[in-house]
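Read through the structure below, which is laid out as structure tokens, and then see the notes.
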Amino acid sequence: MRKFLTAILLTAVSGQAFGESQLFLDYQPNRGEHVFELGSRFPDITGYSGGSRLTYPRDFNMAGLGISAGNGPFFMQLGFRTTGRYVDTGTARDEDFNTNYRSREQGAKIDLRRGEFHDNVNTFSGTQNWADAKARSSMSGYEYHFSLRMYLTDGTGGGWLRKGFYLISGARYTYFKYIVYDVIQFVDSRPLYLGPIGAGLTFSNRLIEIPLGIGYNLGLGERNSIDASFQAVAADAYSRDYHFQRGINFLTESQGGGFLINLDWILRLQDKYFLKLGFYSHHIYTRGAIHTTGLNYVYNFSPPQRAYLNTKEAGIHIQIARALF
């Protein structure tokens, strides 16, 4: 995939595919949370009825660069962002809970048949925790993103300032890894336990997204415009959750959907320089099967369980661009 994106970038810079190009720097503060849940309202082969919920803060800043280019009705943008290193993301939480007849498992966040939308990251409700841990977390991550617009009208302007309605699609590849440490855990045992347990776990996730939507660029003169878009997203995720204390790997493959909203203000600073200030809201809900491997043989032979990986985040992005052609 990296070779493919590099080929597009080199083609755009050389001017062979697009007539106008801009190189931009990108800065993006992000806030939100990612929740990984597994379990069931019904007993498994061990007789246990319950599950686990891990909540990771998505509070970090990313920076990167990219290129945008247009020709005729088409306008593309290709970029890369990264945290650069492991960064402090705040407090993570690991909950283990029991379920009962009052518990609810709301796995379908977007139900087109019923016309329902549940915009929350937690899937299980009406549960009772028997263990609850909080800890510090660090995260390292990066993403490649590609978008392609096709304008539906012969709008005026060009590049970032081209006006009118457009269809938009593309692809995004995201990878991140969390390290959870300095864990303080409560266990509802006899006797009760509350204290430090040291290292907690690592969690890594690979996410591929294919968005499709519509947008509109509203001109506010020759040097300003407001750009808004809404995209439905199809998502495919693969994650690995490793617990140090229990020596257990949770491997999950999940699919689902979500949406991405962008609202940008674009200003031409000089003839060749542009500034983009924007807001985005990104929501992904996936569901799949989890396989466990570890030191306890019961986990190795347990059937796959349902697992949910949900992300809800928002932030701003700041881009400064210079025209190349």
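All conditions in (1) surrounded by fewer than 20 Cβ atoms within 10 Å (Cβ to Cβ); (2) more than 28 Å from T202 (Cα to Cα); (3) among the β-branched types (V, I, T) hold for V87, with the sole exception of (2). Filtering I214, I208 for residues that are under 30 Å from A237 (Cβ atoms), in contact with a Leu (Cβ under 8 Å, 6 or more places away or on another chain) and not in a loop (DSSP other than H, G, I, E, B) leaves a single hit, I214. Within region 281-303, the set of residues being of a type in the set (S, T, Y), at pLDDT 65 or above and more than 24 Å from the chain's Cα centre (by Cα) comprises just one member, T293. When A171 is tested against (1) small (G, A, S); (2) surrounded by fewer than 18 Cβ atoms within 10 Å (Cβ to Cβ); (3) more than 18 Å from L148 (Cα to Cα), only condition (3) is not met. Within region 71-103, the set of residues being among the charged types (D, E, K, R) and under 14 Å from I179 (Cα atoms) comprises R85, D88, R93, D94.
Scoring D96 on the criteria (1) more than 19 Å from the chain's Cα centre (by Cα); (2) touching a residue at least 60 places away in the same chain (Cβ under 8 Å) leaves a single failure, condition (2).
The values are calculated or read from the model by the stated rules, or taken from the named source; none is laboratory data. Quick caveat, the model's predicted, so the values are computed rather than measured. All Cβ positions, even for glycine, are placed from backbone atoms using ideal geometry, and neighbour counts span all protein chains on display.
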